[in-house]
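Worksheet for the structure shown next.
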Amino acid sequence: MKIKNLEILGDVALAPIAGYTDVGFRAICAKQGAGITYTEMASAKGLYYDKAAKTQELLNTTDDERIKAVQLFGSEPFFMSYAVKHESIQKFDLIDINMGCPVPKIVNNGEGSALLKNIPLAQDILKAAKDNTEKPVTIKMRIGFNDINAVEFALAMQEAGADAITVHGRTRKEMYTGHSHWDVIKQVVDAVNIPVFANGDVESYQDFIDIKAQTGAQGVMIARGALGNPNIFSQIVGKSDRPLKEMMLEHIEIMKRFHNEHYVHANFKKHMACYCKGKRGNKEIKVKAFESKTLDEMIAIIKDSDL
Ligand SMILES: Cc1cc2nc3c(=O)[nH]c(=O)nc-3n(C[C@H](O)[C@H](O)[C@H](O)COP(=O)(O)O)c2cc1C
């Protein structure tokens, strides 16, 4: 698959997931076969005002990532045009703009999925990015805010210069309820002539095969199905699975290259819960990990476990 002039290795992506797609997790998923990996959403305005570099903390990357994608969000073209030129963005291969986040704090600022209701503004934001970078610029959308307007919106984004589109097949109103409407994703695939990533409810190799068959999308993006389960990518691309424990320890090691131990300890707890899900003795490991006082203690718990 090609996005602008960027060759994507394979057709499966790790989605942006706030609080989870940190530098370590992206590296581990890329090693297991994710051809493109996304940072969590970072505020374009935040990059402008970010004196404490809090936004930039989200933007570390390693060469383990094969195609490095950064996701930005914002509701003002000026900040988007600034953000795509920001030094911390230049190491990424592709820039994605969030037009799907359903969280009230974001929507009430006119950001994320609120843009689905304001096509001219969404186009201006996209154009502001396109006019200020040579990198491919893509958007990630839901299929509508309250009602479905996916085809209209996707065509407007294509017209404004989007190099590819990811569609999560739910409206904002649906939040995470029900099932992703793969039939609506297919309507978008049929309407546009740029690559589409289909997204929503891919939890296994079989789901990957099914969503591709049912939507005709060139790419598939996975979020929740990858949490605690980077081997979903190896299973899709036909690589060997890696033991969970080994991936967890490497995930931590990579995070440590960029963040202090306190940060890694606090942030890895969420991943612990995901990695342990459904595993034998998981409750006990989770409790111990959450009660641990230091990162070294948490590492020892992982090493002692049967994960
Ligand atoms: C905890 C959480 C955080 C998310 N953060 C982002 C984000 O930062 N940017 C984004 O575009 N989507 C975000 N999403 C949406 C996912 O990328 C994806 O579109 C959605 O979860 C549906 O895909 P899935 O069924 O594979 O999980 C988030 C989802 C979850 C559950």
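The values are calculated or read from the model by the stated rules, or taken from the named source; none is laboratory data. Given the structure is predicted, the values throughout are model-derived calculations rather than measurements. All Cβ positions, even for glycine, are placed from backbone atoms using ideal geometry, and neighbour counts span all protein chains on display.
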Self-check item: helices (runs of 4 or more DSSP H) wholly inside the stretch 210-307 that include at least 3 residues being in contact with a Phe, Trp or Tyr (Cβ under 8 Å, 6 or more places away or on another chain)
Solution: 231-237, 244-256, 261-276
Quiz prompt | Residue tally, condition surrounded by 17 or more Cβ atoms within 10 Å (Cβ to Cβ) and either under 12 Å from Arg172 (Cα atoms) or within 16 Å of the ligand (Cβ to nearest atom) (or both), over the stretch 108-128 | solution = 10
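Does the stretch 149-183 hold any residues that are of a type in the set (A, V, I, L, M), within 16 Å of the ligand (Cβ to nearest atom) and surrounded by fewer than 20 Cβ atoms within 10 Å (Cβ to Cβ), and which are they?
The initial filter retains those residues of the stretch 149-183 that are of a type in the set (A, V, I, L, M), namely 150-151, 154-157, 160, 162, 164-165, 167, 175.
Those left that are additionally within 16 Å of the ligand (Cβ to nearest atom): 150, 154, 157, 162, 164-165, 167, 175.
Across the stretch 149-183, the qualifying residue is only Met175.
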Practice problem: Return a yes/no flag: does the stretch 237-244 have any residue that is over 29 Å from Leu59 (Cα atoms) and basic (Lys, Arg). | Solution: no
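Looking at the structure I just gave you, is Ala53 crowded, with 24+ Cβ neighbours inside 10 Å and either outside the structural domain of Ala122 (by TED's automatic domain parsing) or of a type outside the set (Asp, Glu) (or both)? Quick ask: steps written out before the conclusion?
On the way: crowded, with 24+ Cβ neighbours inside 10 Å: no; either outside the structural domain of Ala122 (by TED's automatic domain parsing) or of a type outside the set (Asp, Glu) (or both): yes.
When the stated conditions are applied, Ala53 does not pass them.
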Quiz item: Can you name the residue in the stretch 184-206 that is β-branched (Val, Ile, Thr) and over 18 Å from Leu116 (Cα atoms) and, of all such residues, is farthest from the ligand (Cβ to nearest atom)?
Solution: Ile194
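Conditions tested, residue by residue: (1) touching a strand residue (DSSP E or B) at 6+ places or on another chain (Cβ under 6 Å); (2) polar (S, T, N, Q); (3) surrounded by fewer than 16 Cβ atoms within 10 Å (Cβ to Cβ).
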| position | (1), (2), (3) |
| --- | --- |
| Lys186 | no, no, no |
| Asn193 | no, yes, yes |
| Asn229 | no, yes, no |
| Gln235 | no, yes, no |
| Glu250 | no, no, no |
| Glu253 | no, no, yes |
| His265 | no, no, no |
| Lys269 | no, no, yes |
Exercise. Can you work out which of the residues in the stretch 82-106 that are within 16 Å of the ligand (Cβ to nearest atom) and touching a Lys or Arg at 6+ places or on another chain (Cβ under 7 Å) is farthest from Ile148 (Cα to Cα)?
Key: Phe92
Exercise. Considering every residue within the stretch 280-293, establish whether at least one is under 16 Å from Ala34 (Cβ atoms) and surrounded by 14 or more Cβ atoms within 10 Å (Cβ to Cβ).
Key: no
Quiz item: Restricting attention to the stretch 207-230, which residues are touching a residue at least 12 places away in the same chain (Cβ under 8 Å) and away from the ligand (no atom under 16 Å from the Cβ)?
Solution: Gly216, Gln218
Self-check item: Flag for Lys173 being over 19 Å from the mean Cα position of the chain (by Cα), assigned to a loop (DSSP other than H, G, I, E, B), free of Cβ contacts under 8 Å to residues at least 40 places away in the same chain and in the same structural domain as Leu227 (by TED's automatic domain parsing)
Solution: yes
Exercise. Can you run down the residue pairs with Cβ atoms below 9 Å, 6 or more apart or on separate chains, where the first is in the stretch 2-24 and on the phi > 0 side of the Ramachandran plot and the partner is small (Gly, Ala, Ser) and more than 15 Å from the ligand (Cβ to nearest atom)?
Key: Gly10/Gly33; Gly10/Gly35
Quiz item: For Phe233, all conditions in the list (1) within 13 Å of the ligand (Cβ to nearest atom); (2) of a type outside the set (Lys, Arg); (3) touching a Ser or Thr at 6+ places or on another chain (Cβ under 6 Å); (4) touching a residue at least 60 places away in the same chain (Cβ under 8 Å) hold save one; what is the number of the exception?
Solution: (3)
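Being in a helix (DSSP H, G or I), in the same structural domain as Ala15 (by TED's automatic domain parsing) and away from the ligand (no atom under 12 Å from the Cβ): is that true of Lys31 here?
Details: in a helix (DSSP H, G or I): yes; in the same structural domain as Ala15 (by TED's automatic domain parsing): yes; away from the ligand (no atom under 12 Å from the Cβ): yes.
In short, yes.
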